[in-house]
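Peer 1: I'd like to ask some things about the structure below.
The values are calculated or read from the model by the stated rules, or taken from the named source; none is laboratory data. Model, not experiment: these values are computed from the prediction. Because the Cβ atoms are built from the backbone with ideal geometry, glycine has one as well, and the counts that use them run over all protein chains shown. Heads up: the accessible areas ignore ligands, DNA and RNA and are worked out on the full protein's heavy atoms, side chains in. Shrake-Rupley method; radii C 1.70, N 1.55, O 1.52, S 1.80 Å.
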Amino acid sequence: MAARHENRQYSHSEIMVVIGALMLAMLLAALDQTIVSTALPKIASDLHGLNKLSWVATSYLITSAIATPIFGKLGDLYGRKKLFQMTIVIFLLGSALCGLSRNISQLVFFRGLQGIGGGGLMSLILAIVGDIIPPRQRGRYQGYFGATFGISSVIGPLLGGFFAGAHTILGVSGWRWIFYINLPIGIIALSAIAARLHLPVRRTEHKIDYLGATLLTVSVVSLLLVTVWAGVTYTWGSNQIVGLIASAILFAGLFIYRETKATEPLIPMGLFRNDIFNVSVLLSLLAGITMFASILYIPEYQQVVRGYSPTKSGLLMIPLVLGLMSASIISGRTISKTGKYKIFPIMGTLIMTLGLWLFSHVSLTSSQWMLSLWMLVLGAGIGSFMQVPTLAIQNTVDRKNMGTATSSATFFRSMGSALGGAIFGTILISRLTHHLESILPAAKGAGHIVSSSLEGGTSALAGAPAYVRNDVMLSFVSAFHDMFLLAIPFSIAAFLTALFLRETPLRSSARGVAEGAALESEHHTPHQAGAA
C-alpha cells in the first residue's frame with residue numbers, strides 16, 4: 001500500500017494547491033527579514049533598546065541558519081508533512097510573541113524562536129517540492145518560488161515602512177502588525193498543507209546526532225558573530241574577531257570529524273563524494289555572497305545617495321524583481337521542456353557579472369531609467385540559475401537524503417548571504433573612509449557631520465555647507481563603485497564553478513535514484529501511509 005503512495009503522481013491542479021501553500025510559507029520566511037529591517041529604528045525606539053538593535057536581526061539569522069540543516073535531516077528521518085506543519089506553528093508562535101514583546105530583550109529572544117521556524121520552513125519547502133514533483137517537471141514550478149523571493153524584497157520595505165509609520169492600527173502599535181500579519185498567512189498555508197499534502201511515512205532506525213548538532217551550532221554562531229561584529233563593533237584584527245574565526249574553523253573541523261564517525265550523521269560526508277553535490281553547494285555559497293551585494297546595497301545606494309525613503313527605494317527595486325521573475329520562469333520552463341539545466345548557471349552568472357559591472361559605474365547623476373535597466377539585467381542573471389543548484393542536487397541524491405541534501409544547499413546559500421553582508425559591508429565602509437580622507441582634507445570642523453553621514457546619509461548632512469554635502473556624496477558614490485567592482489570576482493568564481501557542474505538526465509519520477517529508506521510496512525493502513 002505504501003509503495004503505491006510512494007509512486008503516486010500528483011496532477012497539475014493538485015500540485016498548484018500545494019505549491020500555493022508552500023509559496024505562502026516561503027513568503028513568511030523571505031518577507032520576515034525585509035519587513036522587519038525597515039522598521040527596526042522605530043521598534044528599538046519604542047522599546048528603548050537602541051543598544052540591542054542589531055540583535056533583533058542577528059538572533060533570527062543565527063537560529064534560522066542552525067535550524068536549516070537540522071530540520072532537513074529530521075525530515076528525512078521522520079517524514080516532512082508533520083514536521084513542516086510544526087515549523088509553521090513555531091514561526092507563528094514566535095511572530096505572535098514578537099508582537100506582544102514589552103522590551104527589547106523579549107523581542108530578541110522571540111525573534112530567535114521565530115528564526116527556528118523560519119529555518120525549518122526554508123529547508124523543508126524545497127525538500128517537499130522534491131517529494132511531489134519529478135525533476136523533469138520541476139522547472140515549470142520553480143519560477144513561482146523565484147517570484148515569491150523577489151516579491152518579498154519589494155513589498156517588505158513597503159509594508160515595513162507603512163506599519164512603522166502608523167501610530168496605531170486597531171488600537172495596536174503599528175510596528176507590531178509587522179509580526180501579526182504573519183498569522184493569517186500562516187494559518188491559510190497550514191490549512192492547505194493539512195488538507196492537500198500527502199507524503200509517505202518512513203520507518204527507519206534512527207539516532208539523532210546531538211553532538212554533531214552542537215558542534216555545528218558553535219561553528220555557525222561563531223561565524224555569524226564575525227559577520228555581525230567585524231568592522232563594526234570590533235576591528236577585523238581584534239582578539240574577539242580572530243578568536244571567533246578560530247572558533248568557527250575549529251568547531252567546523254570537529255563537526256566534520258564527528259560526522260565521519262556518527263551512526264546517523266547530520267550531514268553525511270558521503271554526499272561530498274558526489275561531484276554534482278559539491279559543485280552545487282559551492283555555487284549556492286558563491287551565489288549567496290554575490291546576490292547580497294545587489295539585493296542589500298542597491299537600495300542602500302538609493303537611500304544614502306539619492307535620499308529616498310526605504311519605501312521608495314523598495315518600489316524602485318521592481319525592475320530587478322521583474323528580471324528575476326521572468327528569467328526564473330523562462331529558464332524553468334525551458335529546463336522542463338529540454339531536460340537540460342547546465343547552461344543556465346553558466347549564462348546566469350555571466351549576466352550577473354555584467355549587471356555588477358554596470359553598477360560599478362554608478363554616479364551622482366545616473367538616471368533612474370538607466371539604473372532600472374541595470375537592475376533588470378542583474379535580476380535576469382540571478383533568476384536564470386537561482387533554483388538550479390537545488391534541482392541538480394535533488395536529481396542525483398538518494399531519496400533517503402533528499403531533505404539533508406536540499407537543506408545543505410539552502411544552508412550554504414544562507415552562509416553566503418551572511419558572509420556577503422560582512423564582506424561587502426566592510427568593503428563599503430573601508431572605501432568610504434578612504435575616499436572621505438582623500439576628498440575632504442580641507443573640510444575643517446565638518447568631521448562630526450561626515451561621521452554622522454555614515455549612519456544617516458543625506459539627511460544627516462542637511463545643515464552642512466553645500467560643498468561638504470557634495471564631497472561626502474561623491475565619497476559614497478566612489479565607495480559603492482568600488483564595492484560593486486570588487487563583487488565581480490565572486491561572480492566570476494560562480495561562473496567558473498558552474499562550468500564544472502555535471503549534467504545528468506532529469507528523472508521523470510519524484511522517486512530518488514536509489515531508494516534506501518524503508519517505507520511503512522504493509523501492516524499499516526493506506527491512510528497511515530499517506531499522512532506524513
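Peer 1: Checking the conditions here, which among 475, 407, 417, 452 is among the polar types (S, T, N, Q), open to solvent by 30 Å² or more (accessible area, probe 1.4 Å) and either under 28 Å from residue 62 (Cβ atoms) or at pLDDT 80 or above (or both)?
Peer 2: 417 is the lone residue from the list that is among the polar types (S, T, N, Q), open to solvent by 30 Å² or more (accessible area, probe 1.4 Å) and either under 28 Å from residue 62 (Cβ atoms) or at pLDDT 80 or above (or both).
Peer 1: Tell me which residues, restricted to segment 148-188, are at pLDDT below 85 and closer than 19 Å to residue 22 by Cα.
Peer 2: 148, 149, 150, 151, 152, 153, 155, 156, listed by residue number.
Peer 1: Let me spell it out: the conditions are (1) within 12 Å of the chain's Cα centre (by Cα); (2) open to solvent by less than 10 Å² (accessible area, probe 1.4 Å), and residue 391 meets all of them except one. Which number is the exception?
Peer 2: All conditions pass for residue 391, except number (1).
Peer 1: From the set of residues in segment 232-243 that are part of a loop (DSSP other than H, G, I, E, B) and open to solvent by 40 Å² or more (accessible area, probe 1.4 Å), which is farthest from residue 64 (Cα to Cα)? Working first, answer last.
Peer 2: Taking segment 232-243 first, the residues part of a loop (DSSP other than H, G, I, E, B) are 232-233, 235-238.
This time we only want the ones that are open to solvent by 40 Å² or more (accessible area, probe 1.4 Å), so: 232-233, 235-237.
Numbers: 232: 23, 233: 23, 235: 26, 236: 25, 237: 28 Å.
By that ranking, first place goes to 237.
Peer 1: Can you pull out every residue in segment 254-273 that is open to solvent by less than 40 Å² (accessible area, probe 1.4 Å) and either of a type in the set (Phe, Trp, Tyr) or out of contact with any helix residue (DSSP H, G or I) (no Cβ under 8 Å at 6 or more places or on another chain) (or both)?
Peer 2: Within segment 254-273, 255, 270 meet the criteria.
Peer 1: Note down all Cβ pairs under 9 Å where the first residue falls in segment 151-178 and is under 19 Å from residue 28 (Cβ atoms), the second is part of a loop (DSSP other than H, G, I, E, B) and open to solvent by 60 Å² or more (accessible area, probe 1.4 Å), and they're at least six residues apart or on different chains.
Peer 2: Pairs found: 177/170.
Peer 1: Would you please list the contacts, defined by Cβ atoms under 6 Å and residues six or more apart or on different chains, that run from a residue in segment 220-235 that is free of Cβ contacts under 8 Å to residues at least 60 places away in the same chain to a residue that is surrounded by fewer than 19 Cβ atoms within 10 Å (Cβ to Cβ) and not in a loop (DSSP other than H, G, I, E, B)?
Peer 2: Partner pairs satisfying both residue conditions: 222/247; 234/240; 234/241.
Peer 1: Which of the numbered conditions does residue 373 fail, given that it passes all the others? Conditions: (1) open to solvent by less than 20 Å² (accessible area, probe 1.4 Å); (2) more than 21 Å from the chain's Cα centre (by Cα); (3) in contact (Cβ under 8 Å) with a residue 40 or more places away in the chain.
Peer 2: Result: residue 373 fails condition (1) only.
Peer 1: Ok, one more. Scan segment 274-305 for residues that are out of contact with any Ser or Thr (no Cβ under 7 Å at 6 or more places or on another chain), closer than 23 Å to residue 394 by Cα, open to solvent by 30 Å² or more (accessible area, probe 1.4 Å) and in contact (Cβ under 8 Å) with a residue 40 or more places away in the chain and jot them down.
Peer 2: Residues satisfying the conditions are 275, 285.
Peer 1: Starting from residues that are open to solvent by less than 70 Å² (accessible area, probe 1.4 Å) and closer than 15 Å to residue 257 by Cα, keep the ones in segment 189-216 and report whichever is modelled with the lowest pLDDT.
Peer 2: 209
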